[in-house]
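The block underneath contains the structure these notes are about, expressed in structure tokens.
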Amino acid sequence: MNLIKAIEERHSVRSYTDRPIEGETLARLQKLIDNANRSSGLNIQLVLDEPKAFDSKMAHYGKFSGVRNYIALVGKRGRDLDEKCGYWGEYIVIGAQMLGLNTCWVALTYKKIPEAFTAAPDEKLLMVIAIGYGADSGKAHTGKFYDEVCSDKDAPAWFKSGVEAALLAPTAMNQQKFTFALKGDKVLAKAKFGACAKTDLGIVKYHFEVGSGKDHDIWV
């Protein structure tokens with residue numbers, strides 16, 4: 001499976017089996033997290049066999065079940081924390097999909113368990129990503145169309161492919177509150193006002209890079 005296929009096949013999953021993440025899969029997942037931390041300066045952590053975060057009224061309200069593993073998105077407080085967590089969290093999510101794992105971004109419907117992760121005084125836990133072997137593979141949701149997030153109808157193929165990949169990205173409540181614009185050979189991506197919009201912007205930027213074949217230098 002390549003990255004594009006993983007983006008197409010990855011859907012949010014809220015119910016998980018009790019199959020543990022172990023062996024080569026665990027090693028490769030941890031390597032993804034280590035790569036993300038090394039590249040970003042974040043302090044992302046894998047929490048295994050910890051059921052308390054998703055054994056609460058909020059988690060049940062969010063229709064989660066069987067969640068015992070999650071990725072804690074931790075980093076230094078600052079204006080760019082949300083977007084960085086979105087970008088590098090999705091890097092891990094798509095990599096996990098390629099490993100046969102399922103995931104779900106979770107901003108509110110979980111309970112913070114302080115002893116399950118570490119955070120320095122200048123760091124915070126932004127949100128978590130549930131991860132494991134899903135009871136199913138999730139399902140696709142109806143989203144916006146190209147011309148609803150971008151007005152560049154005569155843009156080059158790489159740009160259109162990037163936007164199409166971004167439209168497959170998970171966003172809070174499927175709100176897709178982002179826009180793209182071509183600025184010469186660069187791209188301007190903006191987040192509109194909305195819950196977790198800055199985190200969503202990081203997620204969709206990662207998708208755009210994968211779809212377009214460009215690297216992080218593409219951004220204005």
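No value in this document is a laboratory result; all are computed from the given coordinates. Here the structure is a predicted model, which means the values were calculated and not measured. Please note: Cβ atoms are built from the backbone with ideal geometry, for glycine as well, and neighbour counts cover all protein chains shown.
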Pair residue 122, residue 181: separation of 7 Å Cα→Cβ label points (nm): 3.4
What are the residues whose amide H is under 5 Å from the amide H of residue 12, where those residues sit 5 or more places off or on another chain and H is modelled from the backbone? 139
Distance in Å, no decimals, from the C-alpha centre of segment 24-59 to the one of segment 155-220 is 24
Using a 10 angstrom cutoff on alpha carbons, build the Gaussian network for the chain and name the most mobile of 76, 198, 57. 57
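Using Cα pairs closer than 8 Å and at least 6 residues apart in sequence, work out the relative contact order for the chain, in percent. Write out the running numbers ahead of the final one.
Numbers: 419 pairs, mean separation 55.8, N = 220.
After rounding, I find 25 percent.
Pairs of alpha-carbon atoms within less than 8 angstrom and 6+ residues apart define the contacts here; what relative contact order does segment 148-220 have, in percent? Let's see the in-between values first.
Values: 105 pairs, mean separation 29.1, N = 73.
Relative contact order here is 40 percent.
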In degrees rounded to 10, the 0-90 angle between helix 81-98 Cα long axis and the longest Cα principal axis of the chain is 80
Under the Karplus relation 6.51 cos²θ - 1.76 cosθ + 1.60, θ = phi - 60°, what is the ordered set of whole-Hz ³J(HN,Hα) values for segment 117-126, x standing for Gly and Pro? 8, 10, 8, 5, x, 9, 10, 9, 8, 7
Quick one: among 132, 23, 75, which has the greatest mean-square fluctuation in a GNM of the chain with alpha-carbon springs under 10 angstrom? 23
The answer for chymotrypsin sites (Phe, Trp or Tyr not before Pro) in segment 122-212 that fall in a DSSP coil and have at most 15 neighbouring Cβ atoms within 10 Å is 145, 193
Could you tell me the relative contact order of segment 26-97? Use alpha-carbon pairs under 8 Å, at least six residues apart, and round to a whole percent. 37
Phi-based couplings in Hz for segment 174-186 (Karplus 6.51, -1.76, 1.60; Gly and Pro marked x): 6, 6, 6, 8, 8, 9, 10, 9, 8, 10, x, 9, 10
May I ask you to evaluate 6.51 cos²θ - 1.76 cosθ + 1.60, the Karplus curve with θ = phi - 60°, for each residue of segment 101-106 and list the ³J(HN,Hα) values in order in whole Hz, giving x for glycine and proline? 9, 10, 8, 7, 5, 9
Please identify, among 27, 189, 165, the residue showing maximal mean-square fluctuation in a Gaussian network model of the chain using a 10 angstrom Cα cutoff. 27
By its C-alpha gyration tensor, with a ≥ b ≥ c as the square roots of the eigenvalues, how is segment 59-166 shaped: rounded for a/c under 1.5, else prolate for a/b larger than b/c, else oblate? oblate
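What trypsin sites (Lys or Arg not before Pro) in segment 144-194 are in a loop by DSSP, with at most 12 other Cβ atoms within 10 Å of the Cβ? Write down the numbers at each step before the final one.
On the way: sites: 144, 153, 160, 177, 183, 186, 190, 192; in loops: 144, 153, 177, 192.
Passing both the DSSP loop test and the Cβ count: 153.
About the Cα centre of segment 1-118, how large is the charge dipole given +1 on each Lys and Arg Cβ and -1 on each Asp and Glu Cβ? Please answer in debye to the nearest 20.
Values: 17 positive and 14 negative charges, 62 e Å.
Computed about the Cα centre, the dipole is about 300 debye.
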Built amide H within the under 5 Å cut-off of residue 187, gap 5+: 219, 220
